[in-house]
1. Is there a pair in A:K47/B:K84; A:K209/B:K72; A:K30/A:K50; A:K50/A:K84; B:K47/B:K72 whose C-alpha atoms are over 26 Å apart, and which pairs would that be?
2. Please report, for A:V76, the nm distances (one decimal) from its label point, 7 Å out from Cα along the beta-carbon direction, to the equivalent points in the remaining copies, shortest first.
3. What aspartates and glutamates sit close enough to A:K132 to cross-link, taking a C-alpha to C-alpha distance under 15 Å and skipping anything fewer than 8 places away on the same chain?
4. Rounded, prolate or oblate for the protein assembly as shown? Axes are the square roots of the Cα gyration tensor eigenvalues, ordered a ≥ b ≥ c, and the cut-off for rounded is a/c under 1.5.
5. What does the average come to when, for each residue of peptide B:137-148, you count the partner chain Cβ atoms lying within 10 Å of its Cβ?
6. With a 10 Å radius around each residue's Cβ, average the other Cβ atoms per peptide and rank B:195-201, A:52-58, A:20-26, highest first.
7. So if a site counts as exposed when it's one of the trypsin sites (Lys or Arg not before Pro), its DSSP state isn't H, G, I, E or B, and it has at most 13 other Cβ atoms within 10 Å, what's the longest stretch of chain A without one?
8. Taking 0.36 nm per residue of separation and subtracting the Cα-Cα distance, what length does fully extending B:S33 through B:Q82 add?
There are 2 protein chains.
Amino acid sequence: MSNLNLPEAALSRLTVYQRALVELSDSGIKTVSSRELAEISGSNESKVRKDLSYLGSYGTRGVGYETERLIKEIGVVLGGSQPKPAVLVGIGNLGRALSQYEGFQVSGFPIVGLVDIDPDVVGETINGLTVKNLDQLEELVFQTSAVLGIVTTPAIAAQEVVDCLVEAGIRSILNFAPVVVDVVDEVEVRRVDLATEFQILGYYDHLRKFD
Amino acid sequence: MSNLNLPEAALSRLTVYQRALVELSDSGIKTVSSRELAEISGSNESKVRKDLSYLGSYGTRGVGYETERLIKEIGVVLGGSQPKPAVLVGIGNLGRALSQYEGFQVSGFPIVGLVDIDPDVVGETINGLTVKNLDQLEELVFQTSAVLGIVTTPAIAAQEVVDCLVEAGIRSILNFAPVVVDVVDEVEVRRVDLATEFQILGYYDHLRKFD
DNA sequence: TCGTGTGAATCACTTCACAGCT
DNA sequence: AGCTGTGAAGTGATTCACACGA
């Protein structure tokens, strides 16, 4: 089913278009042109048209795209819009913040389990969830049907935690630890590297002084 | 000075190499080959050599690269290794977490100011910093010599906050709000989009079911 | 006439392959 | 013999430009 070959770059823009489309739709706007959609998504019109063409031909020449229709079609491609529950491992500052961030719930990725190894933290209740120990991970994943893992541990612990997640059957992992982890090919790991983002900004800031 | 044309993709990998090199150096390792460095950074040897070649020719044929030397050279390119202080706007869950995250301090991006608009939050002290009101931003930037801005507000407030940051003289912004903001060309904005990361994972998870 | 859909052209990044230094 | 440095080839993404339908 839907075996379109969506380039990674287009994929990440589609999620941005979708959010923009939901906003448009909520304010009663029925159709939108590639130029308008580009404008509010920080893209450009060719890219928008090319990206949307991967989904099929859902636009009308001379008119534009129906917002409702596009939202539905993008939703189908992005994973059928069934919610995908996530477990979060590593209850430090960042872990606590993410576990309370409503945005994930709203986007269809509810956090349904919390895990740590620190005995001082295990047993604590955050946002209605009790923090479990790492050795209860497999059971937790089974009980909650979680399919996503979020790693917010220190760098040193990340590889072990990822191994446990994979062992427990998780195949999609978002890694906030500033380290590259090894996994088998069937597992998809995405890294969010805050220190790198800062350094890139720092680089451009530095460059600006020599123009 | 140093007007090399570093591709964006190489730039982000250099930050990863540097962290790996610091670890190697700390454990007493003096030289490293492109293959070894690739292994621990999740890259490959051609990419490592090409990336490092943008800095100049600091390797020794038949031997590899001196860890200390590379750390220094990457540091120079990434912005002279002077610390770049940052102000953070938006003291919600994520803002609180980031303001306590030691990683930034360590990487040379200390958070030196906190800002919000909620009167209940303004005046609060977090990690030794008192939260200021948005209208004190310009003064805060002036007093602290901040050069980076971090936006952790809700989407709806992000554009206004970014305008204030730019007004206050900030030219490099890291935006965690799930919205694309408009800025003049001289300002660099990088977006960290957590919802998009989840959706991309969700897409691959979905795909796996139809192989 | 307006805006989509798409081949073709361009640009950017990656990988290959090997000459040359140690 | 081993490993770097780098042109050249290959791959993938972006932009262009225009035919076509509403």
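1. On the way: A:K47/B:K84 35 Å; A:K209/B:K72 20 Å; A:K30/A:K50 21 Å; A:K50/A:K84 28 Å; B:K47/B:K72 20 Å.
Cα-Cα > 26 Å for A:K47/B:K84; A:K50/A:K84; rest within.
2. Ordered by distance, the counterparts are at 5.6 nm.
3. Straight-line reach from A:K132, under 15 Å: A:D116, A:D118, A:D120, A:E124.
4. Numbers: a/c = 1.23, a/b = 1.14, b/c = 1.08.
Cα axes put the protein assembly as shown in the rounded bin.
5. Values: counts 0, 0, 0, 0, 0, 0, 0, 0, 0, 0, 5, 4.
Mean partner-chain Cβ count within 10 Å for B:137-148: 1.
6. Working: B:195-201: 22.0, A:52-58: 14.1, A:20-26: 17.4.
Ranking, from highest mean packing down: B:195-201, A:20-26, A:52-58.
7. Numbers: sites that count: A:K30, A:R61, A:K209.
The segment A:62-208 is the longest one with no such site.
8. Values: separation 49, 0.36 × 49 = 17.64 nm, distance 2.82 nm.
Result: 14.8 nm gained on full extension.
Coordinate-derived values only; no laboratory data. Since the structure is predicted, the reported quantities are computational estimates derived from the model, not experimental observations. FYI the Cβ positions are ideal-geometry reconstructions off the backbone, even for glycines, and counts take in every protein chain you see.
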